[in-house]
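Where a number appears in this text, it was derived from the coordinates with a stated rule and is not lab data. From a predicted model like this one, the values you see are computed outputs, not experimental measurements. As a convention, Cβ positions derive from the backbone with ideal geometry for all residues, glycine included, and neighbour counts pool all protein chains shown.
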Amino acid sequence: MKNKSWAREIAVKALNKVLREAAYSNIALKNELQNSELSKVDKALVTEIVNGTLKNLSRIDWIISQFTNTRKKKLDPWIEDILRCGVYQIMFLDRIPDSAVCNESSELARKLGHEGTVKFVNGVLRNISRSKDAIKYPDRNSNIVEYLSVFYSHPAWIVKKFIADYGVEFAEEMLKANNQTPPFCIRTNSLKIERSKLMEILEAEGIEYEEGMYNTEAIYIRGTSSIEDRQSFINGYYQIQDESSMLVGHVINPKPGDTILDMCSAPGGKATHLAELMNNTGTIIARDVHQHKLRLIDESCKRLGISIIKTELYDAKKLDETLVGKVDKVLLDAPCSGLGVIRRKPDLRYKKKQDNFSELSKLQLEILEKAGRYVKPEGVLIYSTCTINKDENINVVNSFITSNKEFYLESIEGLLPDKLKVQGAERGYIELYPNINHTDGFFIARLRRK
């Protein structure tokens, strides 16, 4: 029980850093866990509490507001976060007795707050435990946006955006999918090993696995919270990458000997995949605006045994005259809102602001214009994002084609895995959704220069 107490304290501290210091959840968790002496099981509990609380934060805050007269602004930050973690465990984790949650949360209040907060925390949580089946939420019929925003813990502006683009039913399915735990996916490095052999090695390392849904190089793994120290990872047998991102490589359809420009490459997942598909023959120019991110690509290349990637520090907004009309295939994995990876980054929904969207679309089009200049006649231009916002996806592509008549959308039928059934491939682009395809939300368009 002592370890469980430490786990809950670490969870509250990590949550506090995310919500009060604007830390990213994955970094906050890593920093809090790396020096702890918790067991593998307790580390998993910490991760579950933090990510689960973030995924359900608006709903949790709504519940707390029903059981206390204390105004939110008057709540001590530590006590508020203790309550939030406690409510998550009571409402969403059946395997933990409510009484244990109440007791441990009260002890945390004594340690991080003061004696007067102990009874307050204990009383609120016990009342919620007794009444959890009778909690009422905003009325769905009178205000669907408020209901969905509270129940699925997404800012109202995101809910409105999803409803406007996809309708209420589809929007609710996406909100629900965003609160589910995504699978952990790796990509087999075909330069070093076959997938069947890699799965044998993973089994020997005690890692649970299953084949990917679509891509022949994809593997889903479970039963481990960290892979960086595994010998299979150190040996460069695989790279972490979601299946949606792997599809970009197949849509580009690179050939050995190609010259490819990856304009916004870091952290290099797509570039290294291209190198593997090219059998490490040809040239890939991988650019980014941050030097420290380019180092990540270089480190991955060394581990994976890739030699054809040349990293360069370069701002994608600036035109490189030396490359105009000289590149076989250009990949622009554009800076985007990231609305497609909310399930993987639960704190992202609270960090994004609606008023940034119009400027973001302008930036994407600006960079896409530069990307088109580099493509050889009859060459290929790929535009991709990890968002499901149409204003950043097909609308940007259509605007580009309107002002660049020498480019057209080219069918990508035959380039996608047989198991992936998705609309739009014949039109030259695909949209992937977590609730439909069970991948990250993603957009990929293939354009051909005449």
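In summary, the aspartates and glutamates within cross-link reach of Lys318, defined as a Cα separation below 19 angstrom excluding same-chain residues under 8 places away, comprise Asp262, Asp288, Asp333, Glu359, Glu366, Glu369. Which whole-number percent is the relative contact order of segment 132-258 (Cα, under 8 Å, 6+ apart)? Computed value for segment 132-258: 20 percent relative contact order. A simple spin-label model places pseudo-atoms 7 Å from Cα toward Cβ; at Asn69 and Asp94 they are separated by 3.7 nm.
Segment 119-188 has equivalent-ellipsoid semi-axes of 28, 22, 10 Å, by the square roots of 5 times the alpha carbon gyration tensor eigenvalues, sorted largest first. Axis of helix 195-204 versus longest Cα principal axis of the chain: the two differ by about 30°, to the nearest ten degrees.
At a Förster distance of 35 Å, what's the computed FRET efficiency of Lys326 paired with Met213, Cβ-Cβ distance as r, to 0.05? Spell out each step's value before the answer.
Numbers: r = 37 Å, r/R0 = 1.06.
Efficiency, rounded to the nearest 0.05: 0.40.
When only alpha carbons of segment 184-240 are considered, Rg and Dmax amount to 10.0, 27 Å. For segment 243-449, the share of DSSP beta bridges that are antiparallel, to the nearest 5, is 40%. When the alpha carbon coordinates of segment 2-134 are projected onto the principal axes, the ranges are 38, 30, 28 Å, largest first.
Antiparallel beta bridges, as assigned by DSSP with both residues in the chain, represent about 55 percent of the total such bridges. Extension gain for Ser411 to Arg448 (0.36 nm times residue separation, less C-alpha to C-alpha distance): 12.4 nm. Based on the Cα gyration tensor of the chain, what are the three equivalent ellipsoid semi-axes, each the root of five times an eigenvalue, rounded to whole Å and given largest first? So the three semi-axes of the chain are 42, 26, 19 Å. Normalised Debye scattering of segment 243-449 at q = 0.09, 0.12, 0.13, 0.17 Å⁻¹ gives log10 I(q)/I(0) of -0.31, -0.58, -0.69, -1.24, counting only Cα atoms as equal scatterers and leaving out solvent.
Listed here are the pairs Lys317/Lys450; Lys136/Lys352; Lys329/Lys376; Lys160/Lys352; which of them are more than 18 Å apart at the Cα? Lys317/Lys450; Lys136/Lys352, as the Cα separations exceed 18 Å there. Partner lysines whose Cα lies under 17 Å from the Cα of Lys293, excluding those fewer than 8 positions away in the same chain, are identified as Lys270, Lys302, Lys310. The simple Förster model, with R0 at 51 Å and r as the Cβ-Cβ distance, assigns Lys421 and Val41 a FRET efficiency of 0.85. Note on Trp6 and Lys176: the extension gain reaches 58.1 nm, defined as 0.36 nm multiplied by sequence separation minus the Cα-Cα distance. Once both labels are positioned 7 Å from their Cα atoms along Cα-to-Cβ, the gap between Asn143 and Ala22 label points is 2.9 nm. Round to a whole angstrom and tell me the spacing of the C-alpha centers of segment 374-450 and segment 1-71. Comparing the Cα centres of segment 374-450 and segment 1-71, I get a distance of 38 Å. Take the alpha carbon gyration tensor of segment 291-386, find the square roots of its eigenvalues, order them as a ≥ b ≥ c, and report rounded if a/c is under 1.5; if not, report prolate when a/b exceeds b/c, else oblate. Cα axes put segment 291-386 in the oblate bin.
With a cut-off of 19 Å, note down the residues of segment 313-342 whose backbone N falls inside the zone around a label point 7 Å from the Cα of Asp61 toward its beta carbon. So the set is 342.
Output the relative contact order of the chain, whole-number percent, from Cα pairs under 8 angstrom with separation of 6+ residues. Before the final figure, lay out the partial values.
Details: 765 pairs, mean separation 53.4, N = 450.
Reported relative contact order: 12 percent.
The ranking of Tyr238, Tyr220, Tyr429 by Cβ neighbour count inside 10 Å, starting from the fewest, reads Tyr220, Tyr429, Tyr238. Near Tyr238, the amide H atoms lying under 5 Å from its own belong to Asn189; only residues 5 or more places off or on other chains count, and H is placed 1.01 Å from N.
Using only Cα atoms and rounding to the nearest 10 degrees, what angle (0 to 90) does helix 25-34 make with the longest principal axis of the chain? Result, in degrees: 70.
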